[in-house]
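Notes follow the structure.
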């Protein structure tokens, strides 16, 4: 590792901040934070730690299977995210190949993982694994920091060597001669990637790294330890800044954000920090790489706005509930409030939200799991009663006689136990507008966006 030069006073500041639990500050400014000075030499210690042993991911859906023989072939997962390309000569006899989605247990995983088989087979020629990513899902990270990894028999996740990131096709690929559980990991991540804080409150942020290179493809497979938390030369600690409102107090790889006393006009607020490293990746030049955390400032409840208008907060009197139903468990959040002296209400439900809630229904901070709106019982559902109940906004719209789900997603960032917070955000690109009593007449569409920070009660 290289040496990183930092001010000893900052080390003291960091220790003080940790010891005091990041005590709140009442000062408010809306300008970028000052740079962190660097002068006194402190040696960055090598972080030679063993790989982190993680549990095996639970199955999330049905497997896709195809028989592929010596002539080669391809197989794509049900969600179209992962494709395996088997070249001619990789196997000597025809055999079943399988892709099955699993809950990824890899450190700083992005999305679900995949169980690939056949297991225990060494292929005669390398097979290409290619995973699609969505730029909209890169909260807290950058595409150049993505890498494919597999889980060993000992439970340790290992980043595969010589991975390739294509920012044009939005894919990450690697060649391998064996199958296991695979997932996409974020080698650099600003945690939390999406934050929620009340006006006048504060929250801590930190940069977490899986290795010391981040944007450089590995030459050899590397075990993934606990995320790095010590100073690293791949992060520019002088570059912390906040845009949109509030104050930022940086201390090396950590920072404390103080929210303004009222929700800012720009919501969410962006907290950013820059990565160092090569300016060419896979033969392509790129500009500066910034890790971004989007922090929503608002009171507890469901907060929304229509077509970029004012933010409206609704109180969730019964709290967020995870309820048993004859068709399976359901997440339900119901908020109520006033807008222009008229009552409004928001209802968000989701039946069988198994992609982010494991058996038992308790999940801590999950880093953001997004699901698209759907017509019917599957997927998240949204309804907004506006103007005293004279208008309803829905998660779908109509073209002719055909209903279409609204573009956008419902994202859960944290799903805690009873008494803890459930947080997340939502966006409906075309929310259908309906007058109650006339379900067949969707008169128009509007864009609705919002976020929620609600205590779980059941």
- Message: How are the alpha carbon pair distances in the range 156-213 distributed across 5 Å bins from zero to the largest one, expressed in percent?
- Response: 4, 12, 19, 18, 17, 11, 8, 6, 4, 1, 0
- Query: In what sequence, highest mean first, do 313-319, 164-170 appear when ranked by Cβ atoms within 10 angstrom?
  - Reply: 313-319, 164-170
- Query: Can you give the Rg to Rh ratio of the range 301-455, both from alpha-carbon atoms, with Rh computed by the Kirkwood formula?
  - Reply: 0.96
- Task: Report the semi-axes of the equivalent ellipsoid for the range 215-279 in whole Å, largest first, where each axis is √(5λ) for an eigenvalue λ of the Cα gyration tensor.
- Result: 31, 13, 12
- Task: From zero up to wherever the largest Cα-Cα distance of the range 147-294 sits, split into 5 Å bins and tell me the percent of pairs in each.
- Result: 2, 9, 17, 18, 16, 14, 11, 7, 4, 2, 0, 0
- Added length on full extension, which subtracts the Cα-Cα distance from 0.36 nm per residue, residue 341 to residue 49: 99.2 nm
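None of the figures in this text is laboratory data; all of them are computed from the coordinates on show. Bear in mind that the values here come from a model prediction, so they are computed numbers and not experimental data. Cβ coordinates were reconstructed from backbone atoms using ideal geometry, including for glycine residues, and neighbour counts include every protein chain displayed.
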